[in-house]
Amino acid sequence: MADPATYRPATGSIPTRPGVYRFRDEHGRVIYVGKAKSLRQRLTSYFQDLSALHERTRRMVTTAASVEWTVVSTEVEALTLEYTWIKEYDPRFNVKFRDDKSYPYLVITMGERVPRVHITRRPRAKGDRTFGPYPQVGAIRETLDLMLRVFPIRSCSAGVYRRAERSGRPCLLGFIGKCSAPCTGEISEDEHRQLAEQFGDFMAGNTQKYTRRIEQRMRAAAAALDFETAATLRDDLQALTTVMEKNSVVLSDATDADLIALAQDELEASIQVFHVRGGRIRGQRGWTAEILDESTAPDLIERALTVLYTDADAPREVLVPVLPSNRAQLQELLGPRVDLRVPQRGEKRDLLATVGENAQEALRLHRLKRTGDLTARTKALEDLGEALGLDEPPLRIECFDISHSHGTNVVGSQVVFEDGLPKKSEYRRYSVRGEAARDDTASMYDVISRRLRHHLDPPEQTEEESRRFAYPPALILVDGGPPQVAAAQRAFDELGITDIALAGIAKRLEEIWLPGEDYPIILPRTSEALFLVQRLRDEAHRFAITYHRTKRGRAMQASALDGIPGLGPARRRALLDRFVTVRAIREAEVEELTDVPGIGPALAQQISTALRSQQAPEATTSADTAADGAPEVAVNTATGEILDP
């Protein structure tokens, strides 16, 4: 526990202007980010008598080892910079809203040459039209399927689109009428973009003009006795009506608003948001957060508004249960046209109360789930620390595994668990080459050595590099028995590491091996500590296998073109689009190669020379076939091609 007086800055050195400050622990890790209208006034409040501080604040200042600040021009800049740094550093003492699930969005990629509609849970690119989030992916898939009947825009991936362009044949969606097939010229790109804009316009709530238009065309077709067309238009109209009915009307005046509700206790908070567009609920999302500072309800609403609208536009109305403490700054962030208020009466107040009931229910379910999880995790860490003879439970554990295929494409994985939970942002992958790849023990020694060097020498790293490994683990686990543990211990001894515990877990009987011990530790079959160790081992194995498969896949896709200097991915693709196979490229004349865009005479000569030089020493002859009098067969072992005699 640090004494705040040891790192307290001189009061006169702290500016009185607005700014953002960061507290760091002894390892340089940012543990708290805050903003202030006056940095001097705010920071000096942290260095008063410890007995006068709130328990959570006291815990933070005694964990910290230094404080630094950045001056900005306005309070709005401080608000946005604080939000940016909380996202970047993930400080342990800040309130961090975490989605209670990953919500799907419907996205139209208007920034692409040929817009595409698709469903995603990932961040959207600038220029995309985004609708949602939606509570269930099944509902939005059904909506998309219905919408493509009326607005048949592209929904295929880039690879499928390029393949259809080259072949001149549309994919299945084009044949069944759920894509207008711009890939084969059935519709121009401008017409397709207009169709995509209409799709987005309908999803945004402007529905009446499209339903009226289809109804008029249906009646005109029926009057002309074109009953087949009329039936098709009738089905389209029913599809659009079904999409509209899926979103219940909640506000009669076609309001565009976000309703944000809060439920909290002393330890946790739940935020629920209803997105209402055109008077209908178009999406819902929720967060839960641990309250690790002195945040009140206005502070939590401020944090929610910052998370929602720093990177996205706000609707005309934002309705909240209480106004944030710095309403003026948030109003400037939202924009002058946004009405931020607390509804006092009527249907909007009633709907906000419904959102609040959802927040209360989400908090209740989260509390029940977290109570069980927290109890089990605490028990597991205490039991593991006791079994390994550690002074304290290992709050941070790193587990390492090695994966390969018969000694090729050797990789290592590092997974990180903090407080018994995986911290995937700090997982790391290692590529093992050379002498270190000769066997598992050499590979484990190499990977552990590389990890520990970052622990030993953090001052020479940049701030970004030091954050990659956060702070030292209390325990390092290796997947394996005594040989792997001995290899890891050799890395510990050579680097002089004595402040980190080491153990290995063997797969056969789930034994825990300690360095230099003749007998393993056998944890009880029902032990929470054993379950935790198994989860660590399995996660490290999964992460290593995933990386190994990726690396092996790249190796299998290697081509004779890959090693030619000056021939990058775009030029390789252009060559293969023109000649299709490596063999055809090898047999082409230099003048033919220069016809490919991006290939000049010098590069064409280099390609021809490189490919033909690969063929000569690597071609082999089938002696058995030649002895029988049949034509000789030559095989290029670099590409696997059978060469004509």
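The values are calculated or read from the model by the stated rules, or taken from the named source; none is laboratory data. The structure presented is a predicted model; accordingly, all values stated were derived computationally and were not measured. FYI the Cβ positions are ideal-geometry reconstructions off the backbone, even for glycines, and counts take in every protein chain you see. Quick note on the areas: whole protein, heavy atoms, side chains included, nothing else; ligands and nucleic acids left out. Shrake-Rupley method; radii C 1.70, N 1.55, O 1.52, S 1.80 Å.
For the stretch 260-277, take each phi angle, set θ = phi - 60°, evaluate the Karplus expression 6.51 cos²θ - 1.76 cosθ + 1.60, and give the result in whole Hz per residue in order, putting x for glycine and proline.
Computed from phi, the couplings for the stretch 260-277 are 10, 10, 9, 9, 8, 10, 5, 10, 9, 9, 10, 10, 10, 10, 10, 9, 10, 10 Hz.
Under a point spin-label approximation (7 Å from Cα along Cα-to-Cβ), what is the GLU357-ALA584 distance to one decimal in nm?
6.7 nm
Along the stretch 298-305, what does the Karplus equation 6.51 cos²θ - 1.76 cosθ + 1.60 (θ = phi - 60°) give for ³J(HN,Hα), rounded to whole Hz, x for Gly and Pro?
With coefficients 6.51, -1.76 and 1.60, one gets x, 5, 5, 5, 4, 5, 5, 5 Hz.
Any idea what the relative contact order of the stretch 1-85 is, in percent, if you count C-alpha pairs under 8 Å spaced at least 6 apart? Let's see the in-between values first.
On the way: 136 pairs, mean separation 36.5, N = 85.
Relative contact order here is 43 percent.
For THR241 and LEU576, compute 0.36 nm times the residue count separating them, minus their Cα-Cα distance, and round to one decimal in nm. Each step should come with its number before you reach the end.
Working: separation 335, 0.36 × 335 = 120.60 nm, distance 4.77 nm.
This chain segment gains 115.8 nm when fully extended.
For the stretch 1-130, what is one quarter of the convex hull surface built on the Cα atoms, given in nm²?
Working: hull surface 43.2 nm².
Quarter of the Cα hull surface area: 10.8 nm².
Quick one: ranking SER425, SER180, SER613 by accessible area, 1.4 Å probe, largest first, what do you get?
Working: SER425 85, SER180 20, SER613 65 Å².
Listed by decreasing accessible area, they come as SER425, SER613, SER180.
Under 15 Å from the Cα of LYS423, which aspartates and glutamates turn up, not counting those fewer than eight places away in the same chain?
GLU88, ASP90, GLU398, ASP538, GLU539
Given a Förster distance of 41 Å, report the FRET efficiency between GLN41 and ASP391 from their Cβ-Cβ distance, rounded to the nearest 0.05.
Values: r = 40 Å, r/R0 = 0.98.
Efficiency computed from Cβ-Cβ geometry: 0.55.
Quick check: residue separation of ARG453 and GLU68 times 0.36 nm, minus the Cα distance between them. What number comes out in nm?
Details: separation 385, 0.36 × 385 = 138.60 nm, distance 2.69 nm.
Length difference between fully extended and current span is 135.9 nm.
Work out, step by step, the length gained on full extension between ILE522 and ASP311: first 0.36 nm times the residue separation, then minus their alpha carbon distance; give nm to one decimal. It would help to have the intermediate numbers written out before the result.
Working: separation 211, 0.36 × 211 = 75.96 nm, distance 5.13 nm.
Gain on stretching ILE522 to ASP311: 70.8 nm.
Using a Förster radius of 45 Å, what is the FRET efficiency between GLU191 and GLU418 based on their Cβ-Cβ separation? Nearest 0.05, please.
Numbers: r = 53 Å, r/R0 = 1.19.
The value I calculate is 0.25.
Say R0 is 41 Å: what FRET efficiency, to the nearest 0.05, do ASP226 and ASP350 get from their beta-carbon distance? Could you put the intermediate results ahead of the total?
On the way: r = 48 Å, r/R0 = 1.18.
In this case the efficiency is close to 0.25.
In the stretch 505-544, which GluC sites (Glu not before Pro) are in a loop and have at most 12 other Cβ atoms within 10 Å, using DSSP for the loop call? Each step should come with its number before you reach the end.
Working: sites: GLU510, GLU511, GLU517, GLU528, GLU539; in loops: GLU510, GLU517.
Taking the stretch 505-544 and a limit of 12 other Cβ atoms within 10 Å, the loop GluC sites (Glu not before Pro) found are GLU517.
So what is the relative contact order of the stretch 299-445, in percent, for Cα pairs below 8 Å that sit 6 or more residues apart? Could you put the intermediate results ahead of the total?
Details: 158 pairs, mean separation 19.4, N = 147.
Once normalised by length, the contact order is 13 percent.
Report ³J(HN,Hα) in whole Hz for each residue of the stretch 489-504, in order, from the Karplus equation J = 6.51 cos²θ - 1.76 cosθ + 1.60 where θ = phi - 60°; Gly and Pro get x.
Using θ = phi - 60°, the values come out as 5, 4, 5, 4, 5, 5, 9, x, 7, 10, 9, 10, 7, 9, 7, x Hz.
At 7 Å along the Cα-to-beta-carbon direction for both GLU268 and PHE531, put a label point, then send me their distance in nm to one decimal.
A separation of 1.7 nm, rounded to one decimal place.
Long-range amide H contacts for GLY19: which residues qualify at under 5 Å (H placed 1.01 Å from N, peptide plane, sequence gap of 5 or more or a different chain)?
ALA36, LEU39, VAL72
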